[in-house]
Amino acid sequence: MWTAEHRAAYMREYRAKHRDGIRAMERLWREKYREDINRRARRRYATDPEYRARILSAQRAKRMARRQTDDGA
């Protein structure tokens, strides 16, 4: 019987060993379901004010960080 710690260690090792294959499969999955993912995100953005605020806040933070790196260079 595996403990939770043993399983977590195994999965970390597996992911490190098979990183490229896992990323390729994830990329193919995202391409296949891109339209569904975008449709759900657009619907949630339009109907969920908390989600919309979180998205707008993250975008604002990215712009601020980008401006700080551009100004400091």
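So which pairs qualify, if the first residue must be in segment 19-43 and farther than 24 Å from Ile55 by Cβ and at pLDDT 95 or above, the second must be basic (Lys, Arg) and part of a helix (DSSP H, G or I), the Cβ gap must be under 7 Å, and the two must be at least 6 apart or on different chains?
Taking only residues 6 or more apart or on different chains, the pairs are Ile22/Arg15.
Of the residues Tyr33, Tyr14, which is under 17 Å from the mean Cα position of the chain (by Cα) and surrounded by 10 or more Cβ atoms within 10 Å (Cβ to Cβ)?
Matching residue, one of Tyr33, Tyr14: Tyr33.
Need pairs with beta-carbon distance below 8 Å; first residue closer than 17 Å to Tyr45 by Cβ and within segment 55-68, second modelled with pLDDT of 95 or more and aromatic (Phe, Trp, Tyr); sequence gap 6+ or separate chains.
Ile55/Tyr45
The values are calculated or read from the model by the stated rules, or taken from the named source; none is laboratory data. The model shown is predicted, which means the values in this text are computed figures rather than measured ones. We place every Cβ from the backbone using ideal geometry, glycine too, and count neighbours over all the protein chains shown.
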